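The values are calculated or read from the model by the stated rules, or taken from the named source; none is laboratory data. Please read these numbers as outputs of a predicted model, since none were measured by experiment. Cβ: placed from backbone, ideal geometry, glycine included. Neighbour counts: every protein chain shown. These area figures cover heavy atoms from the full protein model, side chains too; ligands, DNA and RNA do not enter into them. Shrake-Rupley method; radii C 1.70, N 1.55, O 1.52, S 1.80 Å.
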Amino acid sequence: MEFKDPASYTDLKQGKIKHIDFRIAVDFSTHTLDVTAQYQLQEPVHGSLYLDSYKLDLKEAHARGRKLEWEFDLRDDILGERLHLKGLQGDSIFTLTFRTSSDARALQWLNASQTAGGNFPFLYSQCQAVHARSIFPCQDTPSVRFTYSAEVEVPQGLVAALAAEQVQVREGSGQTVFAYRMPQPIPSYLFALAVGNLEFQELGPRTGIYAEPETIKAAAWEFAENETKIIEAEKLLGPYLWGRYDLLILPPSFPYGGMENPRLTFLSPTAILGTRSYTSLITHELAHAWTGNLVTNATWQDFWLNEGWTTYAETRITEILEGKDVEQLHAVYDEKRLMEVIEQIGMDSPLTALKLPADEKDADSFTTIIPYYKGSFFLNECEVAVGRERFDVFIHKYMTKFQFQSLTTEAFLDFLKEELPVVFEKVDVHKWIYEPGMPKADTWHRPKSALYAEAKRVLDDYQKGVKPAREQVQNWHRYQILAFLQGLPGKISIADCRYYDELFELEKKNDIAFFSHFYVICITSGHQEILPRIEQFMEKFGRMLYVLPVLRTMIATDWSRGYARPLFERVRSRQHQITVSALERLLKDAGL
Ligand code: BES
Ligand code: ZN
């Protein structure tokens, strides 16, 4: 099957990387990694090999003792530089020595003051979607998989945690070397490392947590149920093939809620609420161990195969752990967000289809929640069309047949047609996958929830002038509060902003999703006193899903527009580059 990944310079006809052995020295004083990497190819390669790279300083290239010629012969702001290795003579092994840039897009170097403990620096990587190339030259497309080993040298006292299996720790003079191996083949976007003052705590036989000593106790309590989750996930998706499932708690500037790095989910500390009420995030990242990490989208145009499937799996596991109505409560809230985003992008925009347009190479800029929820609702339609029992058999077959492979939407549809042809009679598959917007509301099974209905009643009362009393909401599920905040009119009185702030004890709850909804309402309602809290929020949190809407609303609202750029400039040095680029894009698009 021929396809081209528009986000990569890779030419699959030249050959594929099979394995990499890394030696990495971490230098906190220069914010760089010094790396030697030995590459093994699937087949011997003759002539040229194109690799993706981003601001890498390549020092040497060798194959079997011979110096290799190379050139960075193409350049693009998003794709980075094409590293053209020349004159391979049937070589299947070559070695590159290089240094990463201090602005490597995948790496965030934090100074001690940006960590929980405040005494040690911290480094972590985020490679999805196209940032692995800023750490090492590679075929940075999810259609190529490789195994690897890595020896990582860090200053003594710090710990290197990789999304791989730890095999050895050696103390040197002033340094510690951590040896890891990843025996299962992964796409480049799942390479991940972090270095910091990390402790490890067991949770269960296969589960544990890495975190700074200051947060480990709270994290271990919050996620104590991870082992149970794996057991439930295995029933739905088949055996867990990655060995361990550990978590790494990152500082709050992490741009995502979680990242499904294999064996080691990278997690935002915003998931630690002290109530275990936000562990759906873990369900999501854990489900990726199958949908995404085991069976992988071939290009970022097929991103819904990763995220739509994972969100669907998340709903199924949530249903088992928390009941159907809670799962549907999540889904009602998610459907509303989905519709808002589709309207914001434009009902007719190709960016709202599940299969994304191929002329788009900036995978980060077209990442929205659409593939998550539209994808999950589509898969639910498939399930309803054939019944749960048959669909569950299909899921197992899908996971087994495509394990450790990458596939396109089209390959998935061929498989669906072969296994469950009835789906195509009952569901307008083409419309769901290739057309923009959403199918009409009466043509699919929209979520319904009694818990949601309760929140809606209180919202309706408010529209009639009756505000809820503390007793009415104090036992609400977290998602009822979210649905309530989501359902409030865009503009309310300043007195009511203050009322809801108190009613839901928002400061005390310290929930990033509550903050995000609430600050958006405060901005549109002209509650100017809220600005210092928004500044604190933007200084601390990097999670884009919640930070972007706040800045977007500031930009869209007359009174706050003038504050947007200066606020961004004050917080930018504390944010990850991925977040900085996204915030910068919002401001530039608005001419600010
Ligand atoms: N794989 C994604 C994060 C991601 C997406 C990183 C695209 C880079 C590019 C992760 O699994 C995810 O979806 N995280 C969500 C949380 C989820 C519960 C919706 C997030 O970060 O908000
Ligand atoms: Zn995901």
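Of the beta bridges in the chain, as assigned by DSSP with both residues counted there, near 80 percent are antiparallel. Of the chymotrypsin sites (Phe, Trp or Tyr not before Pro) found in the range 411-514, those that fall in a DSSP loop while having at most 16 other beta-carbon atoms within 10 Å are 444.
Among residues other than residue 568 with Cβ under 15 Å from its Cβ, the summed charge is +4 (Lys and Arg +1, Asp and Glu -1). The mean sequence distance of close C-alpha pairs (under 8 Å, at least 6 residues apart), as a share of the length of the chain, puts its relative contact order at 11 percent. Taking amide H atoms as placed 1.01 Å from N in the peptide plane, the amide H of residue 353 lies under 5 Å from those of 437, each 5 or more residues away in sequence or on another chain.
Straight-line reach from residue 217: taking Cα to Cα under 13 Å and skipping same-chain neighbours fewer than 8 places apart, the aspartates and glutamates in range are 199, 202. For the range 87-101, the Karplus equation 6.51 cos²θ - 1.76 cosθ + 1.60, evaluated at θ = phi - 60°, returns couplings of x, 6, 10, x, 7, 10, 9, 8, 10, 10, 10, 7, 10, 7, 7 Hz by residue, with Gly and Pro reported as x. Across the cross-link table entries 18/355; 4/361; 464/508; 13/431; 324/401, which are compared at the Cα atoms, the separations over 23 Å belong to 18/355; 464/508; 13/431; 324/401.
For residue 467, the aspartates and glutamates whose Cα comes closer than 15 Å to its Cα, not counting residues fewer than 8 places off in the same chain, are 454, 496, 501, 502.
Find the centroid of the Cα atoms in the range 457-484 and in the range 101-141, then give the distance between the two in whole Å. That distance is 41 Å. Sorting 123-129, 340-346, 88-94 by average packing, meaning the other beta carbons within 10 Å per residue, from highest down gives 123-129, 88-94, 340-346. With every protein chain in place and a 1.4 angstrom probe, the accessible-area ranking of 134, 102, largest first, reads 102, 134. Shown in residue order for the range 60-66 are the 3J(HN,Hα) couplings computed by the Karplus curve 6.51 cos²θ - 1.76 cosθ + 1.60 at θ = phi - 60°: 8, 9, 9, 9, 6, x, 8 Hz (x for Gly and Pro). Amide H contacts for residue 208 (H built 1.01 Å from N in the peptide plane; partners 5 or more residues away or on another chain; cut-off under 5 Å): 203, 245, 246, 247.
Can you tell me the orientation of helix 409-419 relative to the chain, as the angle in degrees between its alpha-carbon axis and the longest Cα principal axis, to the nearest 10? Result, in degrees: 80. Within a straight-line Cα-Cα reach of under 20 Å, residue 397 can be paired with the following lysines, leaving aside sequence neighbours fewer than 8 residues apart in one chain: 235, 417.
Within the accessible surface of the chain, defined with a 1.4 Å probe on protein heavy atoms only, the carbon and sulfur portion equals 50 percent. Taking amide H as placed 1.01 Å from N in the peptide plane, residue 148 has its amide H under 5 Å from the amide H of 20, 182, each at least 5 places away in sequence or on another chain.
Backbone phi angles across the range 584-592, fed through the Karplus curve with coefficients 6.51, -1.76 and 1.60 (θ = phi - 60°), yield HN-Hα couplings of 4, 4, 4, 5, 5, 4, 8, x, 9 Hz in residue order; Gly and Pro are listed as x. Averaging Cα coordinates gives a centre for the range 515-592 and one for the range 197-266; these two points are 30 Å apart. Heavy-atom accessible surface of the chain, averaged per residue, reaches 39 Å², computed with a 1.4 Å probe.
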